[in-house]
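One structure is given below, encoded as structure tokens.
The values are calculated or read from the model by the stated rules, or taken from the named source; none is laboratory data. A quick note: this is a predicted structure, and the numbers were derived from the prediction, not measured. With ideal geometry, Cβ positions are generated from the backbone for all residues, glycine too; neighbour counts draw on all protein chains shown.
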Amino acid sequence: MRLETAGAKDSGPCGCCGNMTRKAWGYVHDGTTRADRVLVSMELRWMPNGPSFVVIDAATRPVSESNLVGRALARADVIGHPIADQVFELADVVWVSDERIAEITQGSGRTKG
């Protein structure tokens, strides 16, 4: 399995919390075909005890229409199923190695817009 970063987009500030938002996306190269691939979407949320990844319904994301994806998974299709381990392991890899999010992973935390 190989990770490829693709893009990032900043927006905000959010009308509710005043924070900026960064969307970052990429690809996992794992030698499969479209029919084998599923889409899982996650958001990083700031909880009282720190940042936390949360699985969200992937069908609501524009990428769910991509010809790279065989099927977009709902949150219920991920949480409590074996794929959850793979998804959170991948999130951990992104968290420690993706320079596009270094300002939050290396301790500077959230910034207001």
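Inclusion of V93 among residues that are in contact (Cβ under 8 Å) with a residue 40 or more places away in the chain and loosely packed, with under 14 Cβ neighbours inside 10 Å is warranted. Looking only at residues in the range 96-105 that are without any contact (Cβ under 8 Å) to a residue 24 or more places away in the chain and either small (G, A, S) or surrounded by 12 or more Cβ atoms within 10 Å (Cβ to Cβ) (or both), the one that is nearest to W46 (Cα to Cα) is T105. Annotation note: Cβ proximity below 7 Å between a residue of the range 76-89 that is part of a helix (DSSP H, G or I) and a residue that is of a type outside the set (A, V, I, L, M) and surrounded by 10 or more Cβ atoms within 10 Å (Cβ to Cβ) (sequence gap 6+ or interchain) occurs for F88/F53. The set of residues in the range 1-45 that are of a type in the set (K, R) and out of contact with any strand residue (DSSP E or B) (no Cβ under 9 Å at 6 or more places or on another chain) contains only R34. Selection of strands (runs of 3 or more DSSP E) fully inside the range 1-65 by the criterion of at least 2 residues being in contact with an Asp or Glu (Cβ under 9 Å, 6 or more places away or on another chain) and at pLDDT below 90 returns 2-11, 21-29. Summed over the range 26-50, the residues that are surrounded by 14 or more Cβ atoms within 10 Å (Cβ to Cβ) and over 17 Å from G7 (Cβ atoms) give a count of 3.
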